[in-house]
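A short worksheet on the structure shown next.
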Amino acid sequence: MTTPEFTANRDNFCYRHPGRQSFVLCQRCMRTVCAECQTPAPVGVICPECMKEQRKSESPAQRRARRQWGMRGRAGSAVAIGGTPIVTAVIIAVTVFVGLLQLIPGFGDLVTRALWFYTPYVLPQISLFPFEPWRLLTAALVHGSVWHLGLNMLALWMIGRSLEPMLGRARFLTLYLISALGGSVAVALLSPLTPVIGASGAVFGLMGALFVIGRHLGANVTGIVVILGINLALGFLPGAQISWQAHVGGLVVGALVAFIFARTRKASQKWVQIGMLAALSVVLLLVVFFVPPLLLTA
């Protein structure tokens, strides 16, 4: 029950809406704000005035990204600039958990074999293996070593913390999954009898998307090109146990997804964007289900 003392204390009411009670404080100015005035921040929320001050300190590239990619800093948006990229963190957490399972003696090998991608698992018409199409994606959850896992997750974090706030949670997750699918499809086409594991295809998809979006924003993408070139070259080194096929497939598909995003940013184009992404996914699935059998039986 509200007491007179509580009602008389203005600190218990939103400073912008004196008639609205609230128990939430802005993490910067420590003033009380109601739900309408709250903007999610890395820790807690911030008020509209502090949000304005934060935006004044943004770089030109950050302002351009927020305008062009729909980041308005309101409740329900991906994250505030500088906030925690939640989807990236969840993907890393799930992948690391699977990696820990792989370290269990006698059980880890079972986990690896249950999740890796091997083309015969998606070719029931010519293979004795069971039809398990989910391996096209689950291969991104298992890795060959702690170093393999660590490097992929480090790259994912470094790219995701910049890219996820630009795209939003749903689009970033879509990009990651379709890129992982693209990596597996490329393996099925170019090296169909090689089992593969790792999130490299998906990570290369993020790098391809970052390049496309950077070009679209007018940013300097020279550094991205250099990193891409070095990482692609490593896959072709003699003796390197790296699936360059997954790298190339993820890179190309990730760039295509980002191009779709860049061309369908308007709210009125939402269903066009969804339709184009669905069409791309269907094409990839049709390719992986029907083209490898022609190559293997030729």
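Structure notes:
- The stretch 161-295: C-alpha gyration tensor shape, a/c 1.5 cut-off, then a/b vs b/c: oblate
- Compared with the alpha-carbon gap, the fully stretched path from Arg265 to Phe107 is longer by 52.4 nm at 0.36 nm per residue.
- Applying a DSSP loop filter and a limit of 15 other Cβ atoms within 10 Å to the chymotrypsin sites (Phe, Trp or Tyr not before Pro) in the stretch 115-153 leaves Phe131, Trp134.
- Efficiency of FRET from Cβ geometry, Arg20 and Leu151, R₀ 35 Å, rounded to 0.05: 0.10
- Amide hydrogen neighbours beyond the local backbone of Phe13, cut-off 5 Å, H modeled: Ser22
- Three-way shape call for the stretch 89-208 based on the alpha-carbon gyration tensor, with the a/c threshold at 1.5: oblate
- Anisotropy class of the stretch 123-165 from Cα gyration tensor, a/c 1.5 cut: oblate
- Local charge for Ala258 was computed over the other residues whose Cβ lies under 11 Å away, with Lys and Arg +1 and Asp and Glu -1, and equals +3.
Each reported figure results from applying straightforward, stated rules to the coordinates on display, with no laboratory input. Note that this is a predicted model, so its numbers are computed, not measured. Virtual Cβ from ideal backbone geometry, glycine too; neighbours counted across all protein chains shown.
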